[in-house]
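A.B. asks: Quick one: the structure is below, and I'll ask about it shortly.
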Amino acid sequence: MPLSFWRDSVTRIRGTVRTKSGAQYVDWNEPDELILTNVQVAAQPTTRDFDGRILNISDRRTLRAAYDADVQAGDRIRWQDNIYEVEGEVFHTISPTGNASSTRCSLVRWQG
């Protein structure tokens, strides 16, 4: 059950797995999209890489959603007109009471 202050909405974007010449690849031309409501998108530290000039900036967020949210490693998340990639694994945590069980994952967006 999501907490009452989780009021964001995001769109989960999942590429379609296809096979060509015996090799599988992810096709992002016609992805499966699902709107997830009652989620929280929280800021993480932003990093900059530079060598006398800024080379790139990474915008990192933490997504928290209901325990049964359909989010997987490799998915993309659209939030506030920005596309983030799910970075690493998705964690499903059961709370001791069951009232605050959740799904949590890290998101990243690169600029530059």
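The values are calculated or read from the model by the stated rules, or taken from the named source; none is laboratory data. Predicted model only: the values in this text are computed from it and were never measured. Cβ sites come from the backbone with ideal geometry, for glycine too, and all protein chains shown count toward neighbours.
A.B. asks: Of (1) outside any strand (DSSP E or B); (2) surrounded by 13 or more Cβ atoms within 10 Å (Cβ to Cβ), residue 39 satisfies all except one. Which?
C.D. replies: Tallying (1) outside any strand (DSSP E or B); (2) surrounded by 13 or more Cβ atoms within 10 Å (Cβ to Cβ), residue 39 fails exactly one: (1).
A.B. asks: So, one more: With respect to residue 59, is the statement that it is charged (D, E, K, R) and either at pLDDT 90 or above or surrounded by fewer than 13 Cβ atoms within 10 Å (Cβ to Cβ) (or both) true?
C.D. replies: No.
A.B. asks: Residues 14, 7: which one is under 23 Å from residue 97 (Cβ atoms), under 18 Å from the mean Cα position of the chain (by Cα) and touching a residue at least 24 places away in the same chain (Cβ under 8 Å)?
C.D. replies: On inspection, the qualifying residue turns out to be 7.
A.B. asks: Filter the range 53-101 down to the residues that are out of contact with any strand residue (DSSP E or B) (no Cβ under 7 Å at 6 or more places or on another chain) and either in a strand (DSSP E or B) or not basic (Lys, Arg) (or both) and list them by number.
C.D. replies: If the condition is that a residue be out of contact with any strand residue (DSSP E or B) (no Cβ under 7 Å at 6 or more places or on another chain) and either in a strand (DSSP E or B) or not basic (Lys, Arg) (or both), then 68, 80, 81, 89, 94, 95, 96, 97, 98, 99, 100 are the ones that fit.
A.B. asks: Could you grab me the full set of residues in the range 68-102 that are among the hydroxyl-bearing types (Ser, Thr, Tyr) and without any contact (Cβ under 8 Å) to a residue 40 or more places away in the chain?
C.D. replies: Quick first cut of the range 68-102, residues among the hydroxyl-bearing types (Ser, Thr, Tyr) only: 84, 93, 95, 97, 101-102.
Once the filter is applied, which keeps residues that are among the hydroxyl-bearing types (Ser, Thr, Tyr) and without any contact (Cβ under 8 Å) to a residue 40 or more places away in the chain, the range 68-102 yields 84, 93, 95, 97.
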